[in-house]
Amino acid sequence: MKKIKKYIFWISILYAVIVFIYISFNDYNYLKSGYHIIDNNNLKKQSIMIDNKVIEYYNYEGYALISENSTNIELDDFKKFIQKFDYIIVAEFSDFGYLFDKYKVFLSKKELMKIRYAHYIKPREMDKYNISQIVQRFWRAFNERRINIFYIPDHVKRNEIIKAIKKRMINYNEKIPVIKSPPINIRVISVAVISIYMLMISPAISLLNILLYIFLNSWSYVFIAIIFSFISWMKWKKYKQIFKIMLLNIMYGVLIYSTGYTYFYIYKISVIRGIKLLLVSLPFILFIVQIKNFKLKKKDIFLSAIFLGIIAVYYILRSGNFGFSTMFERNIRDFLEKALIARPRFKELFAYIFVFTKSPTIFFEIFWNIGQSILFVSILDTFLHFQTPLYLGVLRTINAYMLAFIIYRVISLIWRRKNGKRN
């Protein structure tokens, strides 16, 4: 049985490498096809009557671009609008774009296949940000979210922005690039590989994963990611080799990513469910299990509440829809993206503090363990962003480890020279 497990493990690694190369090659071809900037002079404003409601849109190269300010469109209106057109563009981050984020979970696959995004920036945002920040935003849309149509409204900065974009990204396409749907066989094989891998650990979980993938697809990715996070945690506590565990998480991430390699997910047309469950499951279970082993004093309760509160607030603010960033942080992000291509996730850098340091007391090991667990769920969360090219997820994870390790070594060296101690 041990030999079989070993063979399956190495087969899983080999498959992950092959599928990584395959998907990265497709991403290369996508980038090679370039991006298109909508020519505002060719936008033909039109309107259509749906149930006594006027819906404004633009006709552009055979696409219906819904007006960025159309907030009066309800779900039923939009479904009827879709029926009348073959190709539709939704302006990402426009007022209607936010409505579409709510509506798309109620649309059929046939309806969703007609839709693609254009990255849009509001005029007031063009007033707020400088040219470099705006260009980086469009670079991010193209390289990190596979959006290759840019919609820049009329503005005094518009021509300067377009010139800067073309200088930064040379593969401009005069026509709207065609996007292709990935083949289904890669997803089927990937689900099979994960199921066989899990069969050696828990046949019940393996079977449940298949059933969820078939019947509750949008929840299945988070389910297997949660399972992998617990496996990663147990291996970390057993072997204490963070580099190998990081590579193991990358393998898990690549396998999960390849199961969700569909048109709807990689072009952000549809969404998966339960991301917050992944982010909190492992840390929460660890806290509950460990806290039972301690008899708490008032001082411990007070200090632990403050410490855990800081971690919890930071963790929530850095995650999902609660995320925020100051202008200073935006500048840091832009710098890291330009320097490293794939910016390390701040949650991972934060978690490495607990990986590379020791708890000051036995009691505080509870919080050090929780801090360490954030690393594993954050890495897996990276690969659940299917709209982000796979190579960027891998590079982002490696960059986070390398940057954290270098910072740790520098601080350790300074500490030893000053105090003559290792820790």
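The values are calculated or read from the model by the stated rules, or taken from the named source; none is laboratory data. On a predicted model such as this, the values are computed, not experimentally measured, just so you know. Please note: Cβ atoms are built from the backbone with ideal geometry, for glycine as well, and neighbour counts cover all protein chains shown.
Any residue at all in segment 78-92 that is within 18 Å of ILE266 (Cβ to Cβ), among the charged types (D, E, K, R), outside any helix (DSSP H, G or I) and under 27 Å from the mean Cα position of the chain (by Cα)? The answer is yes; a qualifying residue exists.
Of the residues making up segment 140-184, those that are within 22 Å of the chain's Cα centre (by Cα) and either closer than 22 Å to ARG124 by Cα or among the small types (Gly, Ala, Ser) (or both) number 7.
When segment 25-77 is limited to residues that are in a helix (DSSP H, G or I) and acidic (Asp, Glu), the one that is nearest to ILE165 (Cα to Cα) turns out to be ASP27.
Regarding ASN143, is this residue part of a helix (DSSP H, G or I), without any contact (Cβ under 8 Å) to a residue 40 or more places away in the chain and among the polar types (S, T, N, Q)? Talk me through it step by step, then tell me what you get.
Values: part of a helix (DSSP H, G or I): yes; without any contact (Cβ under 8 Å) to a residue 40 or more places away in the chain: no; among the polar types (S, T, N, Q): yes.
Considered against the rule, which asks whether it is part of a helix (DSSP H, G or I), without any contact (Cβ under 8 Å) to a residue 40 or more places away in the chain and among the polar types (S, T, N, Q), ASN143 comes out as no.
Conditions (1) surrounded by 15 or more Cβ atoms within 10 Å (Cβ to Cβ); (2) in contact with a Ser or Thr (Cβ under 9 Å, 6 or more places away or on another chain); (3) not assigned by TED's automatic domain parsing to the domain that holds ASN143, marked per residue:
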| site | (1), (2), (3) |
| --- | --- |
| LEU211 | no, yes, yes |
| ILE224 | yes, yes, yes |
| ILE245 | yes, yes, yes |
| ILE256 | yes, yes, yes |
| THR262 | yes, yes, yes |
| LEU278 | yes, yes, yes |
| LYS292 | no, no, yes |
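TRP139 satisfies every condition listed in (1) more than 28 Å from THR382 (Cα to Cα); (2) crowded, with 17+ Cβ neighbours inside 10 Å except (1).
Which of the residues spanning segment 349-363 are under 14 Å from ILE291 (Cβ atoms) and buried (at least 17 other Cβ atoms within 10 Å of the Cβ)?
Taking segment 349-363 as the starting set, the residues that turn out to be under 14 Å from ILE291 (Cβ atoms) are 362-363.
Within segment 349-363, PHE363 is the sole residue that qualifies.
From TYR267, TYR197, grab the single residue that is surrounded by 19 or more Cβ atoms within 10 Å (Cβ to Cβ) and more than 22 Å from the chain's Cα centre (by Cα).
Values: TYR267 fails: more than 22 Å from the chain's Cα centre (by Cα).
Only one candidate qualifies: TYR197.
For first residues located in segment 336-355 and within 17 Å of MET246 (Cα to Cα) and free of Cβ contacts under 8 Å to residues at least 60 places away in the same chain, partners that are assigned to a helix (DSSP H, G or I) and of a type in the set (Phe, Trp, Tyr) and lie 6+ apart or on another chain with Cβ distances below 6 Å form the pairs PHE354/TRP368.
Within the bounds of segment 265-276, is there any residue that is charged (D, E, K, R) and touching a strand residue (DSSP E or B) at 6+ places or on another chain (Cβ under 7 Å)?
At the first step, the residues of segment 265-276 found to be charged (D, E, K, R) are 268, 273, 276.
Still in the list and also touching a strand residue (DSSP E or B) at 6+ places or on another chain (Cβ under 7 Å): 268.
Yes, segment 265-276 contains a residue that is charged (D, E, K, R) and touching a strand residue (DSSP E or B) at 6+ places or on another chain (Cβ under 7 Å).
The set of residues in segment 1-24 being assigned to a helix (DSSP H, G or I) and over 15 Å from TYR257 (Cα atoms) consists of LYS2, LYS3, ILE4, LYS5, LYS6, TYR7, ILE8, PHE9, TRP10, ILE11, LEU14.
Among what's in segment 270-284 and is among the aliphatic types (A, V, I, L, M) and more than 14 Å from the chain's Cα centre (by Cα), pick the residue that is modelled with the highest pLDDT. Lay out the reasoning, then the answer.
First, the residues of segment 270-284 that are among the aliphatic types (A, V, I, L, M): 271-272, 275, 277-280, 282.
From what is left, the residues that are more than 14 Å from the chain's Cα centre (by Cα) are 277, 280, 282.
Details: LEU277: 92, VAL280: 88, LEU282: 95.
Residue satisfying both the conditions and the ranking: LEU282.
Listed by position, the helices (runs of 4 or more DSSP H) enclosed by segment 194-271 that each have at least 2 residues that are touching a residue at least 40 places away in the same chain (Cβ under 8 Å) and closer than 24 Å to GLY371 by Cβ are 217-239, 242-259.
Hey, among ASN321, ASN419, which residue is surrounded by fewer than 14 Cβ atoms within 10 Å (Cβ to Cβ), modelled with pLDDT of 75 or more and over 26 Å from LYS238 (Cα atoms)?
Within the list ASN321, ASN419, the selection yields ASN419.
Of the listed requirements (1) under 22 Å from SER67 (Cα atoms); (2) assigned to a helix (DSSP H, G or I); (3) touching a helix residue (DSSP H, G or I) at 6+ places or on another chain (Cβ under 9 Å), ILE165 misses just one: (1).
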